[in-house]
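The values are calculated or read from the model by the stated rules, or taken from the named source; none is laboratory data. The model shown is predicted, which means the values in this text are computed figures rather than measured ones. A quick note on method: Cβ atoms are made from the backbone with ideal geometry, for glycine too, and the neighbour counts reach across all protein chains shown.
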There are 2 protein chains.
Amino acid sequence: MAFAPLKNDTFLRACWRQATDYTPLWLMRQAGRYLPEYVATRAKAGSFMGLATNVDYATEVTLQPLARYPLDAAILFSDILTVPDAMGLGLSFEAGEGPRFASPVRDEAAVGALAVPDMDKLRYVFDAVRSIRQALDGRVPLIGFSGSPWTLACYMVEGAGSSDYRLVKSMLYGRPDLMHRMLAVNADAVAAYLNAQIDAGAQAVMVFDSWGGVLADGAFQEFSLAYTARVLGQLKRNGADGQPVPRIVFTKGGGLWLEDMRALDCEVLGLDWTVNLGQARQRVGEGAQGKALQGNIDPNVLFAPPQQIADEVGKVLASFGKPHADVSKTGPTHIFNLGHGISQYTPPEHVAALVEAVHSQSRALRA
Amino acid sequence: MAFAPLKNDTFLRACWRQATDYTPLWLMRQAGRYLPEYVATRAKAGSFMGLATNVDYATEVTLQPLARYPLDAAILFSDILTVPDAMGLGLSFEAGEGPRFASPVRDEAAVGALAVPDMDKLRYVFDAVRSIRQALDGRVPLIGFSGSPWTLACYMVEGAGSSDYRLVKSMLYGRPDLMHRMLAVNADAVAAYLNAQIDAGAQAVMVFDSWGGVLADGAFQEFSLAYTARVLGQLKRNGADGQPVPRIVFTKGGGLWLEDMRALDCEVLGLDWTVNLGQARQRVGEGAQGKALQGNIDPNVLFAPPQQIADEVGKVLASFGKPHADVSKTGPTHIFNLGHGISQYTPPEHVAALVEAVHSQSRALRA
């Protein structure tokens, strides 16, 4: 399938650490409940999974934030837990609650039964990628994504969200052999899943290691980072159209481990709001292992009035400092984003203020 | 009031960065629900606050873990929210839920009405300190504590625990003037509260900045660290018996800010399990601003079998490395602890395995 040529490549250029006229931006969970039009579509779909598995609805909601704001990338509307769902764990979203698995994985037999799922069970995702890419018509690039092997394991063992990760860590510390087996299956499944998204038209892919930051030093490297690396090692480097596909890794709460993450074979590191961007830029450094940095304003800034939002945007841009401007080579680049998903309570007009502030201030910063 | 001389000063020596024969240890929330004898006392008391406000019960539960394990310090049984309760916010603990305030502080009028409470309203705490100190009979030192100004503010604004800190951060970003006013009152109240604990017999004091780690870089320094410093600046240096009182500051999730925390006027920094102790030792350094380090095993390690617990203890001790051994001067010292409070589901016999492993392995490490 041929797709329209890309009209705004600012995000992709920044991923490849190439100079850009302004700092590109997109927002984690930008298609979501803070938008009344999203709430309306979800009501039509009946449930979260009804929305995610319907190609037309998934396409509609993915494009909704782009109709309101001049964002520099779109991200596939889906959930990080589609892969364990395809493994047969039975994903559901109760009203007003988070995700829940009917069959959590808590013993040797359950771990032994895990296998990389048939990607045909996830065809609805790849169909959505193709449909969204078509609907975007080259306006901005489309990002595909998956949860990290460790983050999937958290939900697979706990069976739902957790405040203490007691069950998954009990397995990690008590039966590390089982945990390693589960993570190996997850990593191979995530790699196959992201490769199929790339084949379907994803122009960048992101691994959400949402719960890497709950691990102890040492355990993070062994049980999260190593399996993210196993995913990255299997990823296709080029999309169906022959274009190279940059890879983003975001470990929430992973700021202490940037020196370890620098060694990952990816182009972009996502950062949460606890990290000082200027310090991160120094710690990650340049050269062969240089990475673009993505992040990291606190989503709660969006509850402040527009003037304060603009002030906080200024602090984040200043913290990163001047991106490099030499078009003849690569150098430090910044992709603006939140440090975590946008809150459902965010006033939509405050997002407009954020986007405007990032674009205008980052142009001024380069002048 | 005269207290018995101290028989085990290992914890206090380590606080002052003096050489010790082994690595002292205590556990955050060591008097708690994982102990059946605690559950029995709490049932007699009827409620959490019934337990905390009754001097005999508070003394009883504080000493319970010492009857089981050769811990090197006791910590006052109380709650971090006693101070805002004394401010009139109406603290309660619903069955199966966390703390809740009847009158959260969410607007200018409510912030304006805040004041340092009459310490007489907290007399039950100081009476408990005296009673516990008496009951300890010099066996180990007694640690007093308070929540940090920022952590208190989180609960005061949210009115309960929170997963996103939306309300308190909305005030922080939208009305920083109100937040600063609340934090100033909190800091002065916490200082008065800790000083009264010191007067009553606390031999060390700890500030729990449990929610400092949810703040963005920049906001942490302005809204948490600065007010912890304001507390420390007002603290008495010596107890009623003339002995110097070391001060511990623990910011959960604060590992990225050790270079900032190094400047605090305190003796010990608490660390959670995400921090590499060896790297922290390098980053905090020695000299005038040197600090003892306290922490940091993942409490979930206690769900593994005893042999794995011992292995994980070994990793934590090795991560810190050899403490200094020269009794003629100060140097790097480590106080073993969990990286967060112990889980209510912990098997008590696993705690015994942890304590034994820390004491025996840390003696061997020095040999």
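Structural remarks
- Residues that are assigned to a helix (DSSP H, G or I) and either of a type in the set (D, E) or in contact with a Phe, Trp or Tyr (Cβ under 9 Å, 6 or more places away or on another chain) (or both) within the range B:321-360 comprise B:P348, B:E349, B:H350, B:V351, B:A352, B:L354, B:V355, B:E356, B:V358, B:H359, B:S360, listed in sequence order.
- Residue ID - farthest from B:Q221 (Cα to Cα), chosen from residues in the range A:262-277 that are more than 14 Å from chain B (Cβ to nearest Cβ) and in a loop (DSSP other than H, G, I, E, B): A:D265
- Filter result for A:A226 (under 24 Å from B:S319 (Cα atoms) and assigned to a helix (DSSP H, G or I)): yes
- Residue tally, condition more than 9 Å from every other protein chain (Cβ to nearest Cβ) and either surrounded by 17 or more Cβ atoms within 10 Å (Cβ to Cβ) or aliphatic (A, V, I, L, M) (or both), over the range A:291-315: 7
- Exclusive hit being in contact with a helix residue (DSSP H, G or I) (Cβ under 6 Å, 6 or more places away or on another chain) and within 24 Å of A:T62 (Cβ to Cβ), set A:A153, A:A187, A:A200: A:A200
- Segments classed as helices (runs of 4 or more DSSP H), wholly inside the range B:36-77, with at least 1 members that are in contact with a strand residue (DSSP E or B) (Cβ under 8 Å, 6 or more places away or on another chain) and surrounded by 15 or more Cβ atoms within 10 Å (Cβ to Cβ): B:48-52, B:55-68
- Exactly one residue out of B:A135, B:A110, B:A128 is away from chain A (no Cβ under 14 Å), of a type outside the set (D, E) and more than 30 Å from B:A67 (Cα to Cα): that is B:A110.
- Extreme residue, nearest to the other protein chains (Cβ to nearest Cβ), among residues of the range A:238-256 that are in contact with a helix residue (DSSP H, G or I) (Cβ under 9 Å, 6 or more places away or on another chain) and in a loop (DSSP other than H, G, I, E, B): A:G253
- Screening B:V185, B:V157 for residues that are of a type in the set (V, I, T) and either free of Cβ contacts under 8 Å to residues at least 12 places away in the same chain or farther than 24 Å from A:G339 by Cβ (or both) leaves exactly one candidate, B:V185.
- Residues located in the range A:148-172, provided they are farther than 15 Å from A:T82 by Cβ, among the polar types (S, T, N, Q) and modelled with pLDDT of 95 or more: A:S170
- Failed criterion for A:A191 (all others in (1) over 16 Å from the mean Cα position of the chain (by Cα); (2) more than 14 Å from chain B (Cβ to nearest Cβ); (3) surrounded by fewer than 24 Cβ atoms within 10 Å (Cβ to Cβ) hold): (1)
- Candidates B:A216, B:A263 - the one that is without any contact (Cβ under 8 Å) to a residue 40 or more places away in the chain, more than 15 Å from B:P149 (Cβ to Cβ) and surrounded by 24 or more Cβ atoms within 10 Å (Cβ to Cβ): B:A216
- Selected residue (criterion: farthest from the other protein chains (Cβ to nearest Cβ)) from residues of the range B:319-361 that are surrounded by fewer than 22 Cβ atoms within 10 Å (Cβ to Cβ) and polar (S, T, N, Q): B:S328
- Restricting the range B:162-176 to residues that are in a loop (DSSP other than H, G, I, E, B) and polar (S, T, N, Q), the residue that is nearest to the other protein chains (Cβ to nearest Cβ) is B:S163.
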